[in-house]
Amino acid sequence: MVTTRIGRHAQLNRDLLTKAINIFGKTLSIRVATRTVDNFGQLSSISTADTTFKGDLQFGVDVDQKLIESGFVEVGEGVLYIHPTALTTLPVEQDLIIDGSSEWEIVEQLEAPELEGASTFFSYKCRRRINSGD
């Protein structure tokens, strides 16, 4: 079996991101919904599973202004940053991020930069769900 080695610069970048998330990030939860359909294609059940992870959800004045100016994120939306190894399965559209009493729906993945063939972080555009939080 061949093992792909992460380059020195990529490993350094990942380590720095881990330190930054441990300092500035917080414990969040991701709620993944699994939808089951019957033989007629009708929705028959929905089950959810919550998993906690360490990440950084930025919204309001904390959002990188370059993302707003370039049109990737609109005012009022948030951006979730996670380490590539924070979750065993990456978030997808419609997954929910729970931050205290607030629920944020993942709209799309913004970027997943790579350095020397290894992902350094993932960022997702999120929209706050109405009537969630304070």
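The values are calculated or read from the model by the stated rules, or taken from the named source; none is laboratory data. If you're wondering where the values come from, they're calculated on a predicted model, not measured in any experiment. Glycine gets a Cβ as well: all are built from the backbone with ideal geometry, and neighbour counts include every protein chain shown.
Below, the figures for the structure above:
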item: Any strands (runs of 3 or more DSSP E) falling wholly within the stretch 72-112 and containing at least 1 residues that are touching a residue at least 12 places away in the same chain (Cβ under 8 Å) and among the hydroxyl-bearing types (Ser, Thr, Tyr); result: 78-82, 102-111
item: Filtered residue count, the stretch 22-49, keeping only those that are more than 14 Å from the chain's Cα centre (by Cα), under 22 Å from SER102 (Cα atoms) and of a type outside the set (Val, Ile, Thr); result: 5
item: Some residue of the stretch 78-87 being over 20 Å from ALA20 (Cα atoms) and either of a type outside the set (A, V, I, L, M, F, W, C) or modelled with pLDDT of 80 or more (or both); result: no
item: So GLN65, is it among the polar types (S, T, N, Q) and without any contact (Cβ under 8 Å) to a residue 12 or more places away in the chain; result: yes
item: Residue selected from the stretch 106-126 under the condition buried (at least 17 other Cβ atoms within 10 Å of the Cβ) and at pLDDT 90 or above, by the criterion farthest from ILE68 (Cα to Cα); result: ILE106
item: Candidate set from the stretch 88-103 (those that are among the β-branched types (Val, Ile, Thr) and farther than 11 Å from ARG31 by Cα); member that is surrounded by the most Cβ atoms within 10 Å (Cβ to Cβ); result: THR89
